[in-house]
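No value in this document is a laboratory result; all are computed from the given coordinates. This structure is a prediction, so every number in the text was calculated from the model and none was measured. Cβ sites come from the backbone with ideal geometry, for glycine too, and all protein chains shown count toward neighbours.
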Amino acid sequence: MRPYIFSFRLSGITIRAEPSWLFLVLLVAWSLAAGFFPDAAAGLSTPTYIVMAVASALGLTVSVLLHELSHTFVGRAFGLPIRNVTLFILGGAAELEEEPDRALVELVMAIAGPAMSVLLGFVFLALSPALGAAGAGIAVTAVVDYLALINFVLAIFNMIPAFPLDGGRVFRAIAWLVTGNRLTATRLASYLGEGFAWVLILAGAAFALFAGMAGAIWWVLIGLFLNSAARASRFEGEARVALSGVTAGDLIAPGTETAEPEMSVRRFIDERLVRHHSDWLPVVDAEGRIVGGAGVNQARAVPAADRAAMPVSHIAVKPETGALAGAEERADHAFMRMRRNGLPRLYVTRDGRFAGVLTLADLSEFVRLKALFDRVG
Ligand SMILES: [Zn+2]
């Protein structure tokens, strides 16, 4: 479990911020207190600028959360489960359990975030003169002006047509409507996202090196993030198609080797690990119940003198949360769970008994081969 600087639940959604969000917010607050506000509202004291910067950072956090929640609630209205909204160094993300299965849903959901940012921008824009007329000082109106500006910036940045940014999702939905094919649309959108990411990386590096703009390093960081996100979404798109109609049970290797819980660690090493050239095996009892998994690392941790007397059940590691799958589970669901939770393998059961192991490597290879032959054929 990663540490979060805050985490709370709101109508079934976990809203949380990674420590990197704090870094971003502190950076923004510092640049506001040191440069932006002394320019925009001259003649105030340093403590006032600091208070203004902190208020703005809080306002920015709320603005980004409202943007993500707008995606979330619109997605939910269409029946798409979203459990987490996470803030991190590059902004916010609403984590979809499942991608929309209709282009129009994707389109509406993608636009919902920037639409909220534009709306907030106009609200702050209208609020500033109203507060001024009501007697609020420049310290207050400058913060409100900044929040108007940052919400418009958020809307514009997110509408850049680079998948997985909102604009890229809009592009994909339109390409999907036009071509009638989600995979083609996903590929087009992710290539566009990758291309845009490279422009950001190269331009950021060039500006930072040759024009002395230290802030352009930020573009490189965003570009690297977008690049890997675009590639991951293309791979996931291909995986969904390749794995459709296939179950977890279909993909397990036949005749998976196991270890019995009561066998000694000594025999486990000699007769299983070494003889079968494996570095890990599931530990399963005679009734087909899964005890866990054990491998080279667990076996090596046992002193040589204790290995003959200690049973394997003693060193077996229990399956991680989410690491159990029924043989009938859809393979694309199993695949996404492994990727999202960073699970290297799933224990597959059939009628409550252990049936085999499904590894991420097996699935990825299946997807790669399927895509290869689908493209040729
Ligand atoms: Zn968004």
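Projected onto its three principal axes, the C-alpha set of the chain covers 81, 54, 47 Å, listed from the longest axis down.
Cα convex hull, region 185-285: 176 Å³ per residue, rounded to a whole number. Distance from the Cα centroid of region 80-136 to that of region 213-229 is 22 Å (rounded to whole angstrom). Dipole magnitude for the chain: computed about the Cα centre from +1 point charges on Lys and Arg Cβ and -1 point charges on Asp and Glu Cβ, it is near 140 debye. What does the charge count near residue 87 come to, summing +1 for each Lys or Arg and -1 for each Asp or Glu among other residues with Cβ under 9 Å from its Cβ? Summing Lys and Arg as +1 and Asp and Glu as -1 gives -1.
Mean Kyte-Doolittle hydropathy of 0.0 or higher plus an axial Cα length of 18 Å or more: which whole DSSP H helices in the chain meet both? Going by DSSP H runs, the hits are 19-31, 46-77, 103-133, 138-158, 166-179, 182-210, 217-242, 360-376. The longest part of the chain holding none of the exposed loop trypsin sites (Lys or Arg not before Pro), meaning those outside H, G, I, E and B in DSSP with at most 13 other Cβ atoms within 10 Å, is 103-274. Determine the distance separating the Cα centre of region 351-366 from the Cα centre of region 244-313; give it in Å without decimals. Centre-to-centre (Cα) distance: 15 Å. Taking a quarter of the surface of the Cα convex hull of region 12-105 gives a mean projected area of 7.4 nm².
The alpha-carbon atoms of region 229-372, seen along their principal axes, cover 51, 32, 26 angstrom, with the largest extent given first.
Taking Lys and Arg as +1 and Asp and Glu as -1, the other residues whose beta-carbon sits under 12 Å from that of residue 331 total -1.
The charge dipole of region 230-354, taken about its Cα centre with unit charges on the Cβ atoms of Lys, Arg (+1), Asp and Glu (-1) only, comes to about 420 debye.
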